[in-house]
Every structure is written in structure tokens, then in C-alpha cells.
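*Asks:* Structure below; questions to follow.
Read-outs: derived from the displayed coordinates by stated rules, not from any lab. Model, not experiment: these values are computed from the prediction. Cβ placement follows ideal geometry from the backbone for every residue including glycine, while neighbour counts extend to all protein chains displayed.
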Amino acid sequence: MSNIRHNWTKEEIIAIYNKPMMELLYEAATIHRLHHDPNTVQVSTLLSIKTGGCPEDCGYCPQAARYHTDIEGNDLMSVSQVKAQALRAKSSGSSRVCMGAAWRNVKDGPEFDQVLEMVRTINKLDMEVCCTLGMVTENQAQRLAEAGLYAYNHNLDSSEEYYKEVISTRGYEDRLETIDNVRKTNVTVCSGGIIGMGESVEDRAGMLVALATLNPQPESVPINALVAVDGTPLENEKPVEIWEMIRMVATTRIVMPETQVRLSAGRTNMSREGQAMCFFAGANSIFAGDKLLTTPNPDVNEDMKMFEMLGLNPQKPFTKKVQPKTVEAKDSQYEALGEKPKWSRPDHKIDRNEEAKEKKKAAVLEKKQ
Ligand code: SF4
């Protein structure tokens with residue numbers, strides 16, 4: 001019988017998070033061993049297939065068009081470019097490719113068709129394919145599933161309450177609805193968040209409640225430490241302490257025992273010792289490659305040296321779930337519906353987001369003069 005609980009409360013999760021460190025580590029490591037091989041870590045490669053120019057206002061993101069950052073934007077990559085990068089990722093030990101596009105939501109049309117072809121291409125390389133493309137409808141999720149998508153990433157970012165302090169261009173309910181749309185297919189769910197955005201421990205626990213009470217729980221939960229990028233509203237946030245990261249990973253492991261907990265952004269600021277503690281606390285996935293969408297990430301050779309030193313083995317693809325079948329576009333049973341769903345747009349004012357937007361306007365003006 002499964003011992004997965006879906007009725008966690010915020011108070012219970014805060015109590016776990018605040019346990020004495022040695023007790024927390026012991027409990028998390030014990031649960032980890034019951035559900036996973038502690039010497040195996042999944043390695044994923046994140047590819048930014050369309051970079052920058054995003055209409056959203058996520059306070060942590062250098063890809064938002066409204067903030068003044070030095071991101072170089074790129075149009076959607078070609079299928080052959082993606083295939084070449086996937087092959088490179090495979091040869092350096094990655095079992096999964098996660099493709100990210102800086103979109104608010106998926107729109108039916110040639111660009112989405114191109115992404116579907118990328119999914120088919122990577123699945124045929126016998127690698128797990130994940131996409132993070134913004135909000136999706138059920139029909140779009142079905143089309144991704146049919147192309148052979150293994151996972152869809154859609155982060156909750158923080159608690160519902162703190163989300164409103166970071167993003168004003170869409171609501172938390174849109175996130176949950178997209179996760180629900182993905183759940184109606186065979187595609188697995190990847191959803192997590194970011195710590196270090198100025199949120200409280202209550203907010204961290206609130207996010208974990210939102211994730212752990214989903215039934216089923218997400219198969220994968222990325223825990224990111226904010227990488228504060230100049231020009232974004234969160235540029236002045238202090239770096240996350242390793243102990244906070246370890247507590248967050250351990251708590252996630254305890255409340256979501258079967259989930260793959262992924263150490264995501266912010267690893268460049270962590271020592272090998274710190275990362276080893278995170279693996280001990282239940283992290284069993286990392287992103288490899290020198291860039292995480294647009295922020296720095298450790299070099300893949302450095303990661304492999306760390307694996308060797310710690311006696312860790314990269315997880316083989318399709319260890320947790322069988323490889324999905326790819327249906328070719330000509331045989332698809334779904335057609336593009338051209339839906340125009342009413343995703344929310346709360347548009348409340350977030351002071352620091354407004355200030356960052358004004359800075360960009362001033363920088364553009366200055367350049368013109
Ligand atoms: S996080 Fe995604 S949705 Fe938000 S601004 Fe960045 S690219 Fe756009």
C-alpha cells in the first residue's frame with residue numbers, strides 16, 4: 001500500500017522544515033532510501049529553444065521583455081539545432097532534455113508544430129523529453145503527449161500568497177489549471193519553485209502544501225535558489241544560504257517521498273560539500289550544462305567529477321516510467337483547435353516590478369539620445 005499522504009498542512013510542513021538539522025537529515029535520508037537508489041541521480045539538460053522577449057512580468061526572470069537585462073533574445077530554434085544539442089547532451093550523460101520557450105502560453109500554429117517535431121525527434125533518440133512552454137490547454141497537452149513528451153514543467157514558484165508579490169500577469173489558478181490539463185494525459189508533471197525571492201518559511205511551506213496535496217503528486221519537483229540578475233526586480237535579493245537549500249530539499253523529500261527532487265538554478269553558488277548534503281537529504285536530479293536557460297550552471301565535466309568523487313551514477317532514461325510512443329504528425333488523432341483560453345491577467349501593481357520596468361524605459365530613452 002502506498003504511504004503517500006495528500007493531506008499535508010502548512011503547520012506540519014513548517015514543523016518539519018524547522019527540525020534540528022541532524023534529525024531532519026536523518027529522516028529525509030531514511031525516506032529517500034526507502035523509495036530511491038541513493039547512489040543514482042538523474043541528469044537533465046535544459047535547452048532554451050526560444051529566449052527572451054517574454055510578455056510576462058515574473059520578478060526573477062531576465063527573459064521578461066520589460067526588464068533591462070543583457071539577455072540576448074533568440075527566435076525558436078530549428079529541429080536540427082535541437083537534435084544536435086540533444087545528441088551532445090546524451091553523449092555527456094544526460095537522460096532527459098528539457099526544452100524551455102519564453103512564452104506566456106502555447107499558441108496553436110507553426111511554432112507549436114515545430115516544438116511537437118522537436119519532441120518526436122528527441123524521443124526517437126531514446127531520451128526523456130520535457131517541455132516548459134507556459135500555460136497549455138488540454139488539447140495542446142494531448143498533442144504533446146502524442147508526440148512522445150515524457151514530462152511537462154510548470155512551476156508554482158512560491159505559495160499562492162507570495163506569488164502575487166512576484167508576478168502580476170497571471171494567477172496561481174492558471175498554473176494549477178495547466179498542471180491539471182497535463183494530468184489528463186500520460187505526460188508526467190514537473191512542478192516546483194524558487195527560494196530566495198524574499199519569501200518567508202511559511203511561503204515555502206505553502207508551496208509544498210500546494211504540490212504535496214496534488215493527487216498524484218508531481219513526479220518531479222525542481223527546487224531553485226534565486227539567481228539574482230541585474231535589471232530584474234529581484235536583483236538585490238541576498239543569496240540563499242546552503243542550509244536553507246538543504247532544509248527545503250529535505251522537507252520536499254519527506255512530504256513527497258516518490259518524487260524526483262531536482263537541484264536546479266543556483267548550483268554555481270553551492271560547494272560540492274553543500275551539494276553532497278543536498279543529495280544526502282534526498283535530491284536525486286540535477287540540470288547539467290553550462291547554462292540554465294540564461295543563468296550560469298556548473299560545467300558538465302565538473303559535475304561528472306563530483307559524481308565520481310561521491311560514487312553517484314547518472315540515472316538511465318525511462319527508469320521510472322516506460323518510454324512514450326511517438327505518433328507522427330500525419331497520423332495524429334488531434335487537430336489544432338485554435339483555442340483562445342481566458343488565462344487570467346490580474347495586473348495588480350508590484351512596486352519592485354514597476355520600478356524595474358521604469359529603469360528599462362529610462363535605459364531605452366538614454367540609448368536613443
Ligand atoms: S519565467 Fe517564463 S513566463 Fe516568466 S518572464 Fe520568464 S520566460 Fe516569461
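*Asks:* Pull up all non-local amide H partners of SER48: gap of 5 or more, or a different chain, and H-to-H distance under 5 Å with H placed in the peptide plane.
*Replies:* For SER48, the qualifying residues are GLY100, LEU293.
*Asks:* Residue by residue, what Karplus-based ³J(HN,Hα) values in Hz, rounded to whole numbers, does the range 73-81 have, using 6.51, -1.76 and 1.60 with θ = phi - 60° and x for Gly and Pro?
*Replies:* Computed from phi, the couplings for the range 73-81 are x, 9, 5, 4, 5, 7, 4, 5, 4 Hz.
*Asks:* Quick one: if you stick a label point 7 Å off each Cα along the C-beta vector at ASP113 and VAL322, how many nm between them?
*Replies:* 3.1
*Asks:* Amide H to amide H under 5 Å from LEU156: which residues, 5+ apart in sequence or cross-chain, H placed 1.01 Å off N in plane?
*Replies:* The answer is GLY192.
*Asks:* Over the range 7-163, what is the mean sequence separation of C-alpha contacts under 8 Å (at least six apart), divided by residue count, expressed as relative contact order in percent?
*Replies:* Taking the mean separation of contacting Cα pairs over the length of the range 7-163, I get 19 percent.
*Asks:* What does the highest-first list of 75-81, 55-61 look like by mean Cβ count within 10 Å?
*Replies:* In descending order of packing, they fall as 55-61, 75-81.
*Asks:* If pairing requires two Cys Cβ atoms under 4.7 Å apart, which cysteines of the chain are left without a partner?
*Replies:* When partners are defined as cysteine Cβ atoms under 4.7 Å apart, the chain leaves CYS54, CYS131, CYS190, CYS278 without one.
*Asks:* I would also like to ask the following. Pop out the ³J(HN,Hα) list for the range 263-279 in order, Karplus 6.51 cos²θ - 1.76 cosθ + 1.60 with θ = phi - 60°, rounded to Hz; leave Gly and Pro as x.
*Replies:* Whole-Hz 3J(HN,Hα) from phi for the range 263-279: 6, 10, 4, x, 5, 5, 8, 9, 6, 4, 4, x, 5, 4, 5, 5, 5.
*Asks:* Further, regarding this structure: Could you give the length gained on full extension between HIS35 and SER344, defined as 0.36 nm per residue of separation minus the Cα-Cα distance, in nm? Spell out each step's value before the answer.
*Replies:* Details: separation 309, 0.36 × 309 = 111.24 nm, distance 3.79 nm.
Between HIS35 and SER344, full extension yields 107.4 nm more.
*Asks:* With r defined as the distance between the Cβ atoms of HIS6 and SER200 and R0 fixed at 22 Å, what FRET efficiency is calculated, to the nearest 0.05?
*Replies:* It comes to 0.40.
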